[in-house]
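> Next up is a structure, given as structure tokens.
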Amino acid sequence: MFNFKNKVAVVTGGARGIGKCICEEFEKAGASVCVIDLLDNRYFVGDLADKATLERFANKVIKDYGKIDFLINNAAPKTCGLEEGSYEDFEYALKVGVTAPFYLSKLFAPHFSENASIVNISSSRDRMSQPQTEGYTSAKGGISALTHALAISLAGRARVNSISPGWIDNNYTVYEGADAIQQPVGRVGNPKDIANAVLYLCSDMAGFITGENICIDGGMTKQMIYHNDYGWKLSE
């Protein structure tokens, strides 16, 4: 469906989960993929919260390929909450989730090829929360807002969009009952649901889309659920 031969894609947090699936789909479509992750991978191991590491990574990509076509800011920020999270925990979450996407966009901007695209992975938590998720939620809200700011600043050089995944099971578990039907599509999502959208946003088919956020959550954030709805009961 997609032909990205001779294209270069950078994927942060590409060693597992959604990021790994994005890498695999880009490679199937013919792209060269450059990963940065704390976890072991075949391209670059490093901490996205460290400025010097980001600079070394960007220099390596440009030295190896001379250009960049797609930047996918996927790395997950640290989860920390109001009760247990420290100042440093919260700061680290924002460095990974917002500062690194900003700085990589800045570093790569002079090297974007024609029709370049940035896709930021936000979360449906940019509009809803569970208790004690302030670090993760703030970072995801931040990258969602960063998206439309970058889209304006990079107009004519790169399109910039974001995706807000809902419940995505990295192990492709098939859920039944209330876990499934709380989503209007009737199932829990999997990484390929997100990877397909990333490749679409990077393709010429999405050439008129920029500054947009797409929530891919099976409709979960649109469905109101009350006690006794869809198999859910309030437990006291």
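The values are calculated or read from the model by the stated rules, or taken from the named source; none is laboratory data. Since we're looking at a predicted model, the values are computed, not measured. Cβ atoms come from the backbone with ideal geometry, glycine included; neighbour counts cover every protein chain shown.
> Could you say whether any residue in segment 184-193 is touching a residue at least 12 places away in the same chain (Cβ under 8 Å), within 17 Å of ASN73 (Cβ to Cβ) and of a type in the set (Gly, Ala, Ser)?
No, every residue in segment 184-193 fails to be touching a residue at least 12 places away in the same chain (Cβ under 8 Å), within 17 Å of ASN73 (Cβ to Cβ) and of a type in the set (Gly, Ala, Ser).
> Among the residues of segment 200-219, is any part of a strand (DSSP E or B), among the polar types (S, T, N, Q) and at pLDDT 95 or above? I'd like the intermediate steps shown before the answer.
Of all residues in segment 200-219, those part of a strand (DSSP E or B) come to 213-216.
Cutting the leftovers down to among the polar types (S, T, N, Q) gives us 213.
Those left that are additionally at pLDDT 95 or above: 213.
Yes, some residue in segment 200-219 is part of a strand (DSSP E or B), among the polar types (S, T, N, Q) and at pLDDT 95 or above.
> Return a yes/no flag: does segment 146-153 have any residue that is in a strand (DSSP E or B) and either basic (Lys, Arg) or touching a helix residue (DSSP H, G or I) at 6+ places or on another chain (Cβ under 9 Å) (or both).
no
> Separate question: Please find, among GLY189, GLY211, GLY142, the residue that is of a type outside the set (Asp, Glu) and more than 18 Å from PRO101 (Cβ to Cβ). Before the answer, list the steps.
Working: GLY211 fails: more than 18 Å from PRO101 (Cβ to Cβ); GLY142 fails: more than 18 Å from PRO101 (Cβ to Cβ).
Unique residue meeting the criteria: GLY189.
> Which residue is surrounded by the most Cβ atoms within 10 Å (Cβ to Cβ), if the candidates are limited to segment 162-181 and must be assigned to a strand (DSSP E or B) and touching a Cys at 6+ places or on another chain (Cβ under 9 Å)?
First, the residues of segment 162-181 that are assigned to a strand (DSSP E or B): 162-165, 168.
Okay, now just the ones that are also touching a Cys at 6+ places or on another chain (Cβ under 9 Å), so 163-165.
Values: ILE163: 26, SER164: 23, PRO165: 22.
In this case the residue turns out to be ILE163.
> What about ALA151, is it in contact (Cβ under 8 Å) with a residue 60 or more places away in the chain, crowded, with 18+ Cβ neighbours inside 10 Å and over 13 Å from the mean Cα position of the chain (by Cα)? Talk me through it step by step, then tell me what you get.
Values: in contact (Cβ under 8 Å) with a residue 60 or more places away in the chain: yes; crowded, with 18+ Cβ neighbours inside 10 Å: yes; over 13 Å from the mean Cα position of the chain (by Cα): yes.
Taking the combined requirement at face value, the residue satisfies it.
> May I ask you to list the residues in segment 41-100 that are polar (S, T, N, Q) and either crowded, with 20+ Cβ neighbours inside 10 Å or modelled with pLDDT of 95 or more (or both)?
Going residue by residue through segment 41-100, those that are polar (S, T, N, Q) are 41, 53, 59, 73-74, 79, 86, 99.
Matches in segment 41-100: ASN41, THR53, ASN59, ASN73, ASN74, SER86, THR99.
> Across segment 3-35, what is the total count of residues that are surrounded by fewer than 22 Cβ atoms within 10 Å (Cβ to Cβ), in contact (Cβ under 8 Å) with a residue 40 or more places away in the chain and within 22 Å of VAL96 (Cβ to Cβ)?
So the answer is 3.
> Taking the condition of being part of a helix (DSSP H, G or I) and either farther than 19 Å from GLY17 by Cα or hydroxyl-bearing (Ser, Thr, Tyr) (or both), how many residues in segment 74-99 meet it?
Pass one, segment 74-99, residues part of a helix (DSSP H, G or I): 87-99.
Filter once more, so that each one left must be either farther than 19 Å from GLY17 by Cα or hydroxyl-bearing (Ser, Thr, Tyr) (or both): 87-92, 94-95, 98-99.
Selection size over segment 74-99: 10.
> If you go through segment 101-117 one residue at a time, how many are surrounded by 19 or more Cβ atoms within 10 Å (Cβ to Cβ) and not aliphatic (A, V, I, L, M)?
From segment 101-117, those surrounded by 19 or more Cβ atoms within 10 Å (Cβ to Cβ) are 101, 104-105, 108, 112, 116-117; that's our starting set.
The next check asks that each one be not aliphatic (A, V, I, L, M); those that pass are 101, 105, 108, 112, 117.
Count: 5.
> Working carefully through the options PRO184, PRO131, find the one that is of a type outside the set (A, V, I, L, M), loosely packed, with under 14 Cβ neighbours inside 10 Å and in contact with a helix residue (DSSP H, G or I) (Cβ under 8 Å, 6 or more places away or on another chain).
Values: PRO131 fails: in contact with a helix residue (DSSP H, G or I) (Cβ under 8 Å, 6 or more places away or on another chain).
The unique qualifying residue is PRO184.
> Between a first residue in segment 71-85 that is among the charged types (D, E, K, R) and a second residue that is surrounded by fewer than 20 Cβ atoms within 10 Å (Cβ to Cβ), which pairs have beta carbons less than 8 Å apart while being 6 or more apart in sequence or on different chains?
From segment 71-85, the pairs are LYS78/ASP89; GLU83/GLN132; GLU84/GLN132.
> Oh, and also: Which numbered condition trips up THR137, out of (1) of a type in the set (S, T, N, Q); (2) assigned to a helix (DSSP H, G or I); (3) under 30 Å from ILE62 (Cβ atoms)?
(3)
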